[in-house]
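The values are calculated or read from the model by the stated rules, or taken from the named source; none is laboratory data. Source: prediction; values computed, not measured. Cβ coordinates were reconstructed from backbone atoms using ideal geometry, including for glycine residues, and neighbour counts include every protein chain displayed.
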Amino acid sequence: MNDKMTPPTRDAAVGSIHIENVSKSYGDAEVLSSVSLDIPAGSFLTLLGPSGCGKTTLLRLIAGFISPTRGTIRIDGRDMTQVPTQKRPIGMVFQNLALFPHFSVSENIAYGLKLRKTDAAEMQRRVSKFIQLVGLDGLGDRRIAQLSGGQKQRVALARSLVLEPSILLLDEPLSALDLQLRKQLQFALKDIQKQLRTTFVFVTHDQEEATMISDRIVVMSNGHVQQVGTPQDIYSDPQNLFVSKFIGEVNELPGKVLSVGQNLAVETGAGSFELPTSVARRLDPVAGDKVTICLRPEKIAIADPAAPVAPGMVSADARVVDTLVIGPLTRVTLEAQGTRMTSVQMTDALGPLPSGASVRIAFAADAARVFAPLTADLATAFGDQA
Amino acid sequence: MNTGEKPTLAKGLMLLPALIVLGLFFTSVIMLFSNAFVDRGGFSLKYFEQILARPDYHVVFYRTVITSIIVALLAVLLAYPIALLLWRSEKHRNMLLIVVLVPWLVSLVVRTYGWIILLGPKGFVNAFLGWVGVIDTPLKLMFNDTGIIIGLTHVLIPFAVISILASLLSIEENLEEASRVLGAGRWQTFKTIVFPLSLPGVFTSLMVIYLACVGAIVTPLLLGGITEKFVGSQIYQEVMATFNMSKAAAWSICLLSLSFVSLVILKFIERRALRGQE
Amino acid sequence: MRKMTPTMKMLGIALLLFLPAPIFIVFGASFNGSGYIQFPPESWSLRWYVEAFTDPRWGRAVLTSLWIAAVVAVLITAISFLAAYFTLRYAPKISGWLELAIFSPLFFPHASMGVAAVALMASMGVVGTPIAIILAHLMVTIPFSYRPIHVALKSVDPDLIRAAEVMGASELRALWDIILPICRSGILTSLLFTGIISFDEVTVTMFLIGPEITTLPVQIFTFIQDDASPVLAAISTLSVIITFIAILLLERVAGLSFFVQRQSS
């Protein structure tokens, strides 16, 4: 048995990736612009973004299928520029899985071990261990064509993990599955990652999947990194309108800055609001700037129009359009001077809200986020998604 | 299966053997030209003049072209019902396909030999007709154009079957059903849907069969004899009997130009016939 | 409406049966007892088979044709595979040009090709040697070998190659373990199809034989012209059987669907 290949316990320092100023161009088209990123060993990191944002390109650069036009990629401090794919300490699960159709399940899993000339008994032991780990007991002799989508998925995972790579790259591996199976496999993936402490770099365009599954998310768009952070960071403190719109649901109130002083005064279709300048800390706006106020639906409270406004809250008059009870939560669609907004509240906490009822909406002034409008090239990303 | 990697020079060597084979082929074509156009070290049209000056050679060209056109049309006409049969019999298609493939791939000489046995003066056909009492003296079925046409047509039908069948199989199944649902009859469906969509296969067959015919040597030589000459048999004689390579090369180039011109004309007709498709 | 009218069906069957008819005639004539070609035979005998097997000229021609067919099939399949693999994987841009060059011999009348081949081989001084016949057969068979292999390789998912390489396979290993098995039926089609073509080729080959070497179909051709001994029927039957076995083998190992696929060009 080769000890170098199979460390008895995983060293937490193995499997870190450092990406420095990496760019990739095809002819005139730059698909990745000067991306820098640190991926700590043992983390579950997701590259998230709409199609064409460069996330798959970045993954393929790490795998070594393509080489960067500029910049360097280091794995555990070692420059990978001259290292061919075969010599990199990585495993990969492909979008279409790329299972070898002429091999059985065990043969697929054993292939990498065979290449490493692992002896038969050891191979047998490890193959069955990983068949068990991914929950495919008893299916070792099946042909690939005889498996269901979820089972194929598990073979692809086992096939990569059996080699115990310090880094596993996953290129949208769940995108072809139906919702329920997807959920099930997301948990399985997370579980396996925790057990093995392998660095997972996961690519997806599905923000819900990204927030559920990962420790850290890299939001990408148009070849740029928009934001890096934990799912919570990214949800509650997005750095720009793109990230804010891409992750979770958001109410957008486009408007204009009236004045900047102690407070920031913004006029929108739903009314004028006085907000603390801290909500626009990444923007530094001046009077006359076009901006967008972003409000998460759960931040918008619904109150009686006669009720007094609590200190630190901002309010506006609105009308109930529709309510939709989804178990413990209720979605309320509102209209404030022609601007549609959505509020999500605990069902228990809401009184009766008939359609057409006049209400007062209120939100904590510091719960709002103010961003510059989307640049045209970023806006197309949402056009594509719709 | 392009993986987007840049080729290295060493990997480019994989192309070399194929380039050598193609290089040999193109060199042989160049040799053909230099044989035909060079006489005593200088450019000369002598051999072409020798060929074009003889009226009996003109007859050889006419015969070759006319016979080839007849054979191509006849082969396609006779192949079409077979192709339809194979198209319709999904269950036995593989078995029927073997019945088509074997005659196609069995050596030309063997198939032609079969026709010699059938068509000869003491052959099966004459013996049968004589026995029935239809004829007193044997019919002359061989060593004339009839023999050449029968032999070549038979030899080339299998290709037409395969090529037309390929076209038929690429027709989407529901097209025909749609036509029937819309109220078209069997014949009308065939005329307006099936046949037009099988035309690419028909034209491929016409082209390949015509080319095979004008370039044929064995069948015309064995079934046409020495009097009813084909371009192919003439070429064979120049090389094997009179050892006149230059003249043979000139004949070959005439043949080449002839088939090239024919191909252009056929392509033109095809383009017109397939207008609106694809 | 997956049915034909009975008349059309009968016509199709009649024409279909017409195709192998001459082969059956040869088959029948080979058992003829009399000294000249006759069908139907008047008496039955295996004497022509005895003669075919005892005359060393026929044995030599059969063996020559067989070994040349084997060499040509293996060589041209390897040549086409390397070329198709390189262009599809590394240089898809030149793929169109390469195909144009490879398929161009198809547009050459065989008689012209024969003269061109003899002109080239004579200048190389190899006429009458196996080299001339093999080289000419490589030129004749390259389109028929390239197409099935190209089609098979084109369908290989590039991610399968990448997957093997991520797992540590060298290019050669990935080729051997993954690509070759997946392209198996294309490669077998090429091997058997070009083998059959080489075994039965006569129009080009007859210009290249010599006193030292001749192939089976060319020798049959020469004998038909010289004398019409019924031994030819026996020999022809043997050649049909060899081709037939190769076709059956092809159907078994690779299927026949290749022949009725429309070119995707």
* Structure fact -> Note on region B:220-231: residues facing chain C (nearest Cβ under 10 Å) and closer than 13 Å to B:TYR62 by Cα are B:PHE230, B:VAL231
* Name every residue in region C:208-265 that is assigned to a loop (DSSP other than H, G, I, E, B) and polar (S, T, N, Q), in order of residue number. => C:THR214, C:THR215, C:SER229, C:GLN261, C:GLN263, C:SER264, C:SER265
* Asked: Identify, please: which residue in region A:65-93 is in a strand (DSSP E or B) and in contact with a Lys or Arg (Cβ under 9 Å, 6 or more places away or on another chain) and is, among those, farthest from the other protein chains (Cβ to nearest Cβ)?
  -> A:GLY71
* **C:LEU160 among the hydrophobic types (A, V, I, L, M, F, W, C) and either closer than 21 Å to B:MET240 by Cα or at the interface with chain B (Cβ under 9 Å from one of its Cβ atoms) (or both)** => yes
* Which residue, of A:LEU181, A:LEU169, A:LEU174, is in contact with a Lys or Arg (Cβ under 8 Å, 6 or more places away or on another chain) and either part of a loop (DSSP other than H, G, I, E, B) or in contact (Cβ under 8 Å) with a residue 24 or more places away in the chain (or both)? -> A:LEU174
* Hey, can you tell me all the residues within region A:120-137 that are more than 14 Å from every other protein chain (Cβ to nearest Cβ) and within 29 Å of the chain's Cα centre (by Cα)? => A:ILE131, A:GLN132, A:LEU133, A:VAL134, A:GLY135, A:LEU136
* To do: Output the residues belonging to region A:94-119 that are surrounded by fewer than 19 Cβ atoms within 10 Å (Cβ to Cβ), over 33 Å from the mean Cα position of the chain (by Cα) and not in a helix (DSSP H, G or I).
  => A:HIS102, A:SER104, A:ARG116, A:LYS117, A:ASP119
* To do: Would you be able to tell me the number of residues in region C:86-101 that are surrounded by fewer than 23 Cβ atoms within 10 Å (Cβ to Cβ) and either touching a Leu at 6+ places or on another chain (Cβ under 9 Å) or closer than 28 Å to B:ALA36 by Cα (or both)?
  => 8
* Counted residues, region C:168-197 - those being facing another protein chain (nearest Cβ under 7 Å) and closer than 19 Å to B:GLY4 by Cβ -> 3
* Which one of B:PRO7, B:PRO55 is facing chain C (nearest Cβ under 7 Å) and not basic (Lys, Arg)? -> B:PRO7
* Determine whether region A:43-52 contains at least one residue that is modelled with pLDDT under 90, under 24 Å from A:ILE217 (Cβ atoms) and more than 17 Å from the chain's Cα centre (by Cα). => no
* Would a scan of region B:123-142 turn up a residue that is closer than 26 Å to C:PHE244 by Cα, of a type in the set (S, T, N, Q) and assigned to a loop (DSSP other than H, G, I, E, B)? -> no
* Asked: With respect to the numbered conditions (1) away from chain B (no Cβ under 11 Å); (2) at pLDDT 95 or above, which one is the sole condition not fulfilled by C:ARG147?
  -> (2)
* Of the conditions (1) under 17 Å from B:PRO17 (Cβ atoms); (2) facing chain B (nearest Cβ under 7 Å), C:SER112 clears all except one; give me its number. => (1)
* Kindly indicate whether C:ILE68 is at pLDDT 95 or above and within 23 Å of B:THR3 (Cα to Cα). => no
* Does C:LEU11 count as at pLDDT 90 or above, within 11 Å of another protein chain (Cβ to nearest Cβ), surrounded by 15 or more Cβ atoms within 10 Å (Cβ to Cβ) and assigned to a helix (DSSP H, G or I)? -> yes
* Within region A:246-259, identify whether any single residue is in a loop (DSSP other than H, G, I, E, B), among the basic types (Lys, Arg) and out of contact with any helix residue (DSSP H, G or I) (no Cβ under 8 Å at 6 or more places or on another chain), and answer yes or no. => no
* Within region A:298-310, which residues are under 11 Å from A:ILE361 (Cα atoms) and either of a type in the set (A, V, I, L, M) or touching a Gly at 6+ places or on another chain (Cβ under 9 Å) (or both)? -> A:ILE300, A:ALA301, A:ILE302, A:ALA303, A:ASP304, A:ALA307, A:VAL309
* Asked: Looking only at residues in region A:264-291 that are outside any strand (DSSP E or B) and without any contact (Cβ under 8 Å) to a residue 12 or more places away in the chain, which one is nearest to A:ARG319 (Cα to Cα)?
  -> A:ARG281
* Any idea which residue in region B:189-208 is nearest to the other protein chains (Cβ to nearest Cβ), counting only those that are touching a Ser or Thr at 6+ places or on another chain (Cβ under 8 Å) and hydrophobic (A, V, I, L, M, F, W, C)? -> B:VAL208
